[in-house]
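The next block holds one structure in the form of structure tokens; read it before the comments.
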Amino acid sequence: MANSSASKPKSVEVRNSTTTHPMTTLSVLAPALGWLIPGAGHLIQRRWIRGLLIMFSITTMFFLGLAMQGRVYRPNGGDILDILGFVGDLGAGGLYILTRVMGWGQGAIAHATADYGTKFIIVAGLLNFISVADAYHIAIGKKP
């Protein structure tokens, strides 16, 4: 009688997913500053080690991509891969703005190393998007 219908019913705990978190200055400032300067969203919340690790890793990855002659995408409405590359690059925030102002990363991809560099730049931006979301969740108290 392993599958007996007389077994005890299991209790299920339902969490309220509509819990709202109060809008504070920090919940707006941390993600904005974290996007502009990778890791800064954590630093203003006194998460020193996490903020410095994020800042070091994203900045290093971005500049390694530039050193490998990686391409920085411009805003466009053409090919879907170019659009996705632009969104990834834009995630780097201030690093992307600095790169566009200085005119870096505009060369043609002539060898495999440059293609890897392009991917490094995109991944640095995507990692920054993740760190911005993490800074936001810390600011609203959703994550300790």
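Key figures
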item	result
Residue check for I130: open to solvent by 60 Å² or more (accessible area, probe 1.4 Å) and within 15 Å of the chain's Cα centre (by Cα)	yes
Options G78, G65; residue that is open to solvent by less than 70 Å² (accessible area, probe 1.4 Å), out of contact with any helix residue (DSSP H, G or I) (no Cβ under 9 Å at 6 or more places or on another chain) and either modelled with pLDDT of 95 or more or outside any helix (DSSP H, G or I) (or both)	G78
Matching entry among G85, G70 (being open to solvent by less than 70 Å² (accessible area, probe 1.4 Å), in contact (Cβ under 8 Å) with a residue 24 or more places away in the chain and not in a helix (DSSP H, G or I))	G70
Region 125-143 residues that are in a helix (DSSP H, G or I), paired with ones that are open to solvent by 80 Å² or more (accessible area, probe 1.4 Å) and at pLDDT 95 or above (beta carbon under 6 Å, 6 or more apart)	none
Some residue of region 88-103 being surrounded by fewer than 17 Cβ atoms within 10 Å (Cβ to Cβ), in contact with a Ser or Thr (Cβ under 7 Å, 6 or more places away or on another chain) and not in a helix (DSSP H, G or I)	no
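The values are calculated or read from the model by the stated rules, or taken from the named source; none is laboratory data. Just so it is clear, the model here is predicted, and its values are computed rather than measured. Don't worry about glycine lacking a Cβ; one is built from the backbone with ideal geometry, like all the others, and counts go over all protein chains shown. The accessibility values were calculated without ligands, DNA or RNA, using every heavy atom of the protein model including side chains. Shrake-Rupley method; radii C 1.70, N 1.55, O 1.52, S 1.80 Å.
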